[in-house]
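No lab work stands behind these numbers, since they all come straight from the coordinates. Only a predicted model underlies this, so the values are computations on that prediction, with no experimental measurement involved. Here the Cβ positions follow ideal geometry from the backbone for every residue, glycine too, while neighbour counts run over all protein chains shown.
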């Protein structure tokens, strides 16, 4: 019986330590702007105390910047560059002497597109980002997205 209880305690402890941190949740949507023109929204909901890095960083930054890569799609034309909507802060990390640009709480990454061939398509790709808090940084994360335009 004692061996059974020790085994159970080991499993419980291992399960608690093996929990994966997920400080950012993403949603992927679109907004119709005009005939065949849409804004793609990559919305990050960031847990309190955590932040993600902007796609633009100072030269000496060691942060992995936000990056969106689209799969080839002959049905779309990109209009303008991707923009970030949120409260950007500049954080100076004294221990390594670098400044990083980051977002906390939420971020909306927006890419405007025009649909060229017909009115239906699926836009796919991968969004890469890094998240940190005041104690640790997690490895860069890839988030696959798929946005249907009907």
Study note, to complete from the structure: With the 8 Å Cα cutoff and a minimum separation of six or more residues, the chain has a relative contact order in percent of 26 percent
**Study point:** the stretch 76-136: relative contact order in percent, alpha carbon pairs under 8 Å with at least 6 residues between
**Key:** 38 percent
Practice item. Starting from the Cα-Cα distance between residue 21 and residue 72, subtract it from 0.36 nm times their residue separation and give me the gain in nm to one decimal. Key: 15.2 nm
Point to revise | Long-range Cα-Cα pairs in the stretch 23-149 (distance over 21 Å), rounded percent | key: 42 percent
**Study point:** Segment residue 119-residue 62, extension gain: residue separation times 0.36 nm, minus the distance between their alpha carbons
**Key:** 16.4 nm
Study note, to complete from the structure: From fewest to most C-beta neighbours within 10 Å, the residues 50, 26 line up as 26, 50
Check your understanding: Does anyone have the angle between helix 2-17 and the longest principal axis of the chain? Alpha-carbon axes, 0 to 90°, nearest 10?
Key -> 30 degrees
Revision key, fill the gap. Taking the chain and counting helices only, DSSP H stretches of n ≥ 4 at -39,500 (n - 2.57) each over all residues, the nearest-500 ellipticity at 222 nm comes to -3500 deg cm²/dmol
Review point. Pulled fully out, how much extra length does the chain show between residue 89 and residue 34, if you take 0.36 nm times their separation in residues and subtract their Cα-Cα distance?
Key: 16.5 nm
